[in-house]
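Novice: Below is the structure I would like to discuss, written out as structure tokens.
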Ligand code: SF4
């Protein structure tokens, strides 16, 4: 396979793990768990007669179980966990900055897109302390699955095969980075893209159109509106602000939809104002735009408090592993993104910190965001990389 979208991860060994997945599923006594990224559920249906943006998560859960997956979990749960860490980091940097500490690194840059992370490592080696050190939702999920969930079940790390269903080819590369894993058998054993899963379903005679939907497994399946919008451009920073601003003001935000952050331009400069906090936020999708902006920030021509950067058009809904779009690309990607917004709108819980299953993991294991334990499990480091 090759990297198809704007993603610059040229050295990705985009290994197709389809056969491995099928073999693991048919091995007796092998425990296979999956997570699925937000963007997968609003696009995979296109191959089975659904509209772009239709949420087929329950059918996806049923289809995966039919293939033999033992536990079907949700990356959106871990997106809420990522937000807990990232929002705490943002709050910490902003409070220090507002109290006059000019040594604080701003803007805080999001770090959940592996193509973007590799891009900054290759091109902006002097700026590696600006991205959030929080791991991506995929990696946080997998660490918790192997280091906490498996132990609770009395299993060793290597007794769990952890598979990530992703819209993204670069996630295969991310899964293979040792600094994101806690053991020699990696936290994410391998990644299956949306397109690969479509093929597996088709070859196995599983039709998402007719299959009866089933619930996603709990403990790592519950998510808030904040967790689900991760899959579209602007969603990560919007989710981070919902939690960070509630924590900073101590008040519940009445309108959690930050429309000033939404839209489809390659780079959007947005103002967000809540109470007496005023923030200048950037949102980039596509690395060319991101690069131009980083040059200006480095030269002191521009200032932002935080910037979300995603490599693919539209964010992960337009990922290189998603069903190919041949016509009306922007309109289809926007429909997928709107599908995520609809899920968000229908949720009672829309702010990541409200997720009871995320709160439970702090109460039982992690204490609080940015705690010593949280750092050990959920954060990472970045390295200067040479361009190939
Ligand atoms: Fe992958 Fe999403 Fe980044 Fe695209 S934007 S490379 S799909 S993480």
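Novice: For residue 306, state whether it is within 22 Å of the chain's Cα centre (by Cα), in the same structural domain as residue 89 (by TED's automatic domain parsing), crowded, with 20+ Cβ neighbours inside 10 Å and within 16 Å of the ligand (Cβ to nearest atom).
Specialist: Details: within 22 Å of the chain's Cα centre (by Cα): yes; in the same structural domain as residue 89 (by TED's automatic domain parsing): yes; crowded, with 20+ Cβ neighbours inside 10 Å: yes; within 16 Å of the ligand (Cβ to nearest atom): no.
Judged against the criteria, residue 306 is not a match.
Novice: Regarding residue 165, is this residue away from the ligand (no atom under 16 Å from the Cβ) and either at pLDDT 95 or above or at negative phi (or both)? Break it down into steps so the answer makes sense when it comes.
Specialist: On the way: away from the ligand (no atom under 16 Å from the Cβ): no; either at pLDDT 95 or above or at negative phi (or both): yes.
No.
Novice: Right, another one. Say we look at the stretch 275-287 and pick out the residues that are farther than 18 Å from residue 106 by Cβ and in contact (Cβ under 8 Å) with a residue 40 or more places away in the chain; which of these is surrounded by the most Cβ atoms within 10 Å (Cβ to Cβ)? Break it down into steps so the answer makes sense when it comes.
Specialist: Kept after step one, since they are farther than 18 Å from residue 106 by Cβ, are these residues of the stretch 275-287: 275-276, 285-287.
Retained after the next criterion (residues that are in contact (Cβ under 8 Å) with a residue 40 or more places away in the chain): 285-287.
Numbers: 285: 29, 286: 19, 287: 24.
Of everything passing the filter in the stretch 275-287, 285 is surrounded by the most Cβ atoms within 10 Å (Cβ to Cβ).
Novice: Separate question: Restricting the stretch 181-194 to residues that are in a strand (DSSP E or B) and within 12 Å of the ligand (Cβ to nearest atom), which is farthest from residue 33 (Cα to Cα)?
Specialist: Applying the first criterion (in a strand (DSSP E or B)) to the stretch 181-194 yields 190-193.
Now drop any that are not within 12 Å of the ligand (Cβ to nearest atom), which leaves 191, 193.
Numbers: 191: 12, 193: 15 Å.
Ranking the candidates gives 193 first.
Novice: Can you tell me how many residues within the stretch 195-235 are assigned to a helix (DSSP H, G or I), buried (at least 24 other Cβ atoms within 10 Å of the Cβ) and within 16 Å of the ligand (Cβ to nearest atom)? Quick ask: steps written out before the conclusion?
Specialist: Here is the first cut: in the stretch 195-235, the residues assigned to a helix (DSSP H, G or I) are 195-203, 225-231, 235.
Now drop any that are not buried (at least 24 other Cβ atoms within 10 Å of the Cβ), which leaves 197, 225-231, 235.
Checking which are within 16 Å of the ligand (Cβ to nearest atom) leaves us with 197, 227-231, 235.
Looking only at that region, the number is 7.
Novice: Which number in (1) within 16 Å of the ligand (Cβ to nearest atom); (2) assigned by TED's automatic domain parsing to the domain that holds residue 69 marks the one condition that residue 178 misses?
Specialist: Here residue 178 clears every test but (1).
Residue by residue, here is whether (1) farther than 24 Å from residue 308 by Cα; (2) at pLDDT 95 or above holds:
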site: 209; (1), (2): yes, yes
site: 218; (1), (2): yes, no
site: 227; (1), (2): no, yes
site: 231; (1), (2): no, yes
site: 253; (1), (2): no, no
site: 256; (1), (2): no, no
site: 275; (1), (2): no, no
site: 278; (1), (2): no, no
site: 282; (1), (2): no, no
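Novice: Pick from the stretch 314-361 the residues that are more than 19 Å from the chain's Cα centre (by Cα), assigned to a loop (DSSP other than H, G, I, E, B) and away from the ligand (no atom under 16 Å from the Cβ): which of them is farthest from residue 233 (Cα to Cα)?
Specialist: Going through the qualifying residues, I end up with 348.
Novice: Something else: Identify all residues within the stretch 149-175 that are surrounded by fewer than 17 Cβ atoms within 10 Å (Cβ to Cβ) and in contact (Cβ under 8 Å) with a residue 40 or more places away in the chain; write none if there are none.
Specialist: Going residue by residue through the stretch 149-175, those that are surrounded by fewer than 17 Cβ atoms within 10 Å (Cβ to Cβ) are 151-156, 158-159.
Across the stretch 149-175, the qualifying residues are 155, 159.
Novice: Please count how many residues of the stretch 92-149 are more than 16 Å from the ligand (Cβ to nearest atom), under 16 Å from residue 175 (Cα atoms) and not in a helix (DSSP H, G or I).
Specialist: Going through the stretch 92-149 one residue at a time, the tally reaches 0.
Novice: Another question about this same structure. Taking the stretch 362-388 as the region of interest, how many residues are assigned to a loop (DSSP other than H, G, I, E, B) and either more than 24 Å from residue 117 (Cα to Cα) or in contact (Cβ under 8 Å) with a residue 12 or more places away in the chain (or both)? Steps first, please.
Specialist: Initially, the stretch 362-388 is screened for residues assigned to a loop (DSSP other than H, G, I, E, B), giving 367-371, 380-388.
Those left that are additionally either more than 24 Å from residue 117 (Cα to Cα) or in contact (Cβ under 8 Å) with a residue 12 or more places away in the chain (or both): 367-370, 380-388.
Looking only at that region, the number is 13.
The values are calculated or read from the model by the stated rules, or taken from the named source; none is laboratory data. Here the structure is a predicted model, which is why all the values come from computation and not from measurement. Glycine also receives a Cβ, built like all others from the backbone with ideal geometry; neighbour counts cover every protein chain displayed.
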